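Okay, so here's the structure we're looking at.
The values are calculated or read from the model by the stated rules, or taken from the named source; none is laboratory data. The structure presented is a predicted model; accordingly, all values stated were derived computationally and were not measured. Here the Cβ positions follow ideal geometry from the backbone for every residue, glycine too, while neighbour counts run over all protein chains shown.
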Amino acid sequence: MSNERNDPLTTFCFRVVLDKAPGLDQAQAFFKSVTGLQSEAEVVDYGEGGLNGTTHRLVGRSKWPNLVLKRGFCKGTSGQALMKWRFSWLNDAAGVELKRISGSIQQLDSQLKLVCEWKFSRAWPCKWVGPEYDASKQELAIETLEIAHEGLEIG
């Protein structure tokens with residue numbers, strides 16, 4: 001029997017690492033939240049003729065929901081890099097190569113050491129949402145970037 005403790009990890013210690021893409025100067029970006037670390041397989045029901053007591057449940061295609069990244073909206077060119085990356089895909093900007101990238105979401109422990117990571121591949125920015133403004137609230141301006149990708153693997 002092992003004496004090693006396996007305490008649950010905190011959800012606020014993480015970082016997102018993006019391979020360089022046009023308009024993105026940094027390989028590492030910081031976000032307040034990341035969702036979409038999921039995997040799902042389609043279930044295909046198959047009814048066999050003459051077998052009325054059951055339906056076979058077959059494994060279908062794998063599905064990967066989009067990663068949804070949220071962070072505080074910043075002024076200046078570094079704050080607009082994600083928006084520019086998205087709009088380069090939308091507008092097919094002249095001179096900008098539309099390149100899919102890879103990256104990872106890294107889980108850190110309380111000493112900020114890497115404990116595990118989820119690597120995603122062939123990603124591209126499919127949606128950007130700017131901050132919502134409401135003069136009656138005192139909240140941070142948050143931008144959201146949604147990234148479509150073709151798979152996750154845990155490392």
Margin query: Go through region 110-119 and report how many residues are under 25 Å from residue 20 (Cα atoms) and in contact (Cβ under 8 Å) with a residue 24 or more places away in the chain.
Written below: 6
Item checked: Selection count, region 143-155, where residues are more than 11 Å from residue 127 (Cα to Cα) and modelled with pLDDT of 90 or more -> 6
Next item on the list: Six or more apart or on different chains, Cβ under 7 Å: which pairs go from a residue in region 120-148 that's within 15 Å of residue 32 (Cα to Cα) and free of Cβ contacts under 8 Å to residues at least 24 places away in the same chain to one that's in a loop (DSSP other than H, G, I, E, B) and among the aromatic types (Phe, Trp, Tyr)? Could you list them?
Entry: none
Next item on the list: Could you list, in sequence order, all residues of region 96-127 that are surrounded by 13 or more Cβ atoms within 10 Å (Cβ to Cβ), more than 13 Å from residue 67 (Cβ to Cβ) and touching a helix residue (DSSP H, G or I) at 6+ places or on another chain (Cβ under 7 Å)?
Entry: 96
Next item on the list: Find the residue count for region 104-154, including only residues that are closer than 17 Å to residue 14 by Cα and aliphatic (A, V, I, L, M).
Entry: 8
Check: Is it true that some residue in region 131-141 is surrounded by 10 or more Cβ atoms within 10 Å (Cβ to Cβ) and at pLDDT 95 or above?
Finding: no
